[in-house]
1. Which of the residues belonging to the stretch 309-318 are surrounded by fewer than 23 Cβ atoms within 10 Å (Cβ to Cβ) and either farther than 19 Å from residue 7 by Cα or out of contact with any helix residue (DSSP H, G or I) (no Cβ under 8 Å at 6 or more places or on another chain) (or both)?
2. Taking the stretch 16-41 on its own, how many of its residues are over 21 Å from residue 161 (Cβ atoms) and assigned to a loop (DSSP other than H, G, I, E, B)?
3. Checking the conditions here, which among 335, 270 is within 30 Å of residue 211 (Cβ to Cβ) and either touching a strand residue (DSSP E or B) at 6+ places or on another chain (Cβ under 6 Å) or surrounded by fewer than 22 Cβ atoms within 10 Å (Cβ to Cβ) (or both)?
4. Given the criterion at pLDDT 95 or above, closer than 15 Å to residue 158 by Cβ and touching a strand residue (DSSP E or B) at 6+ places or on another chain (Cβ under 6 Å), identify the matching residue among 48, 14, 39.
5. In this structure, is residue 144 more than 19 Å from the chain's Cα centre (by Cα), outside any loop (DSSP other than H, G, I, E, B) and either buried (at least 21 other Cβ atoms within 10 Å of the Cβ) or without any contact (Cβ under 8 Å) to a residue 60 or more places away in the chain (or both)?
6. If I ask for residues that are assigned to a loop (DSSP other than H, G, I, E, B) and surrounded by 20 or more Cβ atoms within 10 Å (Cβ to Cβ), which ones from the stretch 246-257 would you list?
7. So, residue 154, is that one at negative phi and surrounded by 24 or more Cβ atoms within 10 Å (Cβ to Cβ) or not?
8. Within the stretch 84-128, which residues are modelled with pLDDT under 80 and outside any helix (DSSP H, G or I)?
């Protein structure tokens with residue numbers, strides 16, 4: 001059964017750390033795993049390319065980085081997304097007090113482990129405590145009890161593993177769940193290309209995807225970008241919704257492709273929501289529509305490349321207990337299988 005494959009692979013992949021900026025070991029693990037299916041893989045800068053028999057017939061994409069911490073030395077640890085954005089891209093990070101509070105609450109009291117970014121070997125583990133002084137200075141800086149001080153730039157990942165209770169899958173599933181879906185698609189006959197990108201959690205994965213498209217001389221308006229989508233309430237999760245959009249705050253997507261997907265949903269009797277239309281109907285503005293990987297691609301290339309964003313709704317976004325329902329996952333896979341695998 002496809003759902004069992006998605007579930008098993010999600011749980012397996014979550015056991016391999018992949019903090020943003022330190023994804024090398026996970027990238028190598030994924031390459032070996034997909035090669036076992038007889039697929040070709042190629043590791044590009046910031047991106048793992050996985051190709052079937054007709055590689056450019058359809059291109060799907062999902063990111064493989066996750067949130068975590070990175071060592072500053074002397075027993076202090078910083079939110080990895082902020083650190084990589086500042087150190088690699090030279091972007092000043094000045095989050096709001098609300099954002100700082102949210103980041104602090106997301107990690108406080110979590111058990112975490114430091115790992116070797118090249119081998120994935122665990123170097124030590126402990127429990128996070130938020131350093132309030134660091135937050136007041138403009139950066140969410142943490143201290144970890146029970147773990148020896150790590151050398152500078154050592155990544156630190158959540159130790160909590162995902163759990164499935166028969167109805168809900170809970171864990172740091174963004175965006176490992178989409179990787180499990182992609183594995184199941186290939187396992188069941190998908191013959192196109194999957195692009196597994198890094199640095200999505202700092203808004204830079206679009207660079208790696210568009211670099212690949214440029215290098216391969218591919219012009220397309222039909223990218224399928226897979227991800228999870230945050231919700232505050234459980235209605236969409238319980239109803240098994242598939243989340244689609246005509247746009248996000250950054251760009252307008254391929255309306256024709258989105259409409260084609262909605263027709264497939266209707267034909268398969270799968271519930272879906274156009275999230276941008278729903279938000280706008282509540283009186284929100286375009287600036288409130290959130291940011292997606294596809295939106296950044298469209299915005300930064302003036303629409304040269306486009307497609308559709310297809311998402312699984314979740315609760316407790318960007319935490320170690322992000323939650324998706326079995327019904328949502330099954331519906332999501334059923335839609336993609338119907339559209340992407342020729343029978």
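1. Of everything in the stretch 309-318, those that are surrounded by fewer than 23 Cβ atoms within 10 Å (Cβ to Cβ) and either farther than 19 Å from residue 7 by Cα or out of contact with any helix residue (DSSP H, G or I) (no Cβ under 8 Å at 6 or more places or on another chain) (or both) turn out to be 316, 317.
2. So the answer is 5.
3. Criteria check complete, one pass: 335.
4. 14 is the lone residue from the list that is at pLDDT 95 or above, closer than 15 Å to residue 158 by Cβ and touching a strand residue (DSSP E or B) at 6+ places or on another chain (Cβ under 6 Å).
5. The answer is yes for residue 144.
6. Residues satisfying the conditions are 248, 250, 253, 254.
7. no
8. 92, 93, 94, 95, 96
The values are calculated or read from the model by the stated rules, or taken from the named source; none is laboratory data. Quick caveat: nothing in here was measured; it's all calculated off a predicted structure. We place every Cβ from the backbone using ideal geometry, glycine too, and count neighbours over all the protein chains shown.
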